[in-house]
Amino acid sequence: MANPSTTGPSGIGTEVLKRVFLESASNVTTSLLTVATDHVYTVLSLFFENGQTATVNFSMMISGDGSGGVYVVKNQPVAQNGTFIFNDKFVLTEGDILKTISDSTDHDIWCSYIDQTFA
């Protein structure tokens with residue numbers, strides 16, 4: 001796919017509000033959102049809920065090649081039964097992966113985003 005930020009859209013496409021979530025996620029790195037071919041995702045917000053009885057640390061990263069990643073949030077403490085809300089908007093393009101991890105074995109994540117297709 002050509003990079004739509006440099007080549008522009010073809011004039012054909014869609015724009016749909018979507019969401020993805022994990023319930024009772026574990027303490028391993030998890031792929032929350034993987035951008036499909038010919039799509040651009042704009043992440044609007046992400047909620048992390050700590051269901052544990054102690055403070056936990058939450059991290060979120062973007063991987064452009066499926067390995068490693070660039071941290072957007074790193075070791076954000078979330079109080080017991082608390083919520084962390086990330087409202088900064090950012091764009092993911094084809095092949096990018098949004099990953100999350102925490103040191104909790106019981107947390108929930110809700111992510112809202114715009115899915116744009118370019119044909």
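Name the residues in region 21-70 that are under 11 Å from the mean Cα position of the chain (by Cα) and of a type in the set (Ser, Thr, Tyr), would you?
Correct list: Thr30, Ser31, Thr34, Tyr41, Thr42, Ser45, Ser59, Ser63.
Which residue, of Asn81, Asn75, is part of a strand (DSSP E or B), of a type in the set (S, T, N, Q) and surrounded by fewer than 18 Cβ atoms within 10 Å (Cβ to Cβ)?
None of the others qualify; the one that does is Asn75.
Are any residues in region 77-117 free of Cβ contacts under 8 Å to residues at least 24 places away in the same chain and either more than 13 Å from the chain's Cα centre (by Cα) or over 23 Å from Val16 (Cα atoms) (or both), and if so, which ones?
Answer for region 77-117, where residues must be free of Cβ contacts under 8 Å to residues at least 24 places away in the same chain and either more than 13 Å from the chain's Cα centre (by Cα) or over 23 Å from Val16 (Cα atoms) (or both): just Pro77.
For region 43-68, what are the residues that are loosely packed, with under 15 Cβ neighbours inside 10 Å and among the polar types (S, T, N, Q)?
Within region 43-68, Ser45, Thr53, Thr55, Ser67 qualify.
Values in this text are rule-based calculations from the coordinates and carry no lab data. What you see is a predicted model; the values in this text were computed from it and never measured. Note that we place each Cβ from the backbone using ideal geometry, even for glycine, and neighbour counts take in every protein chain shown.
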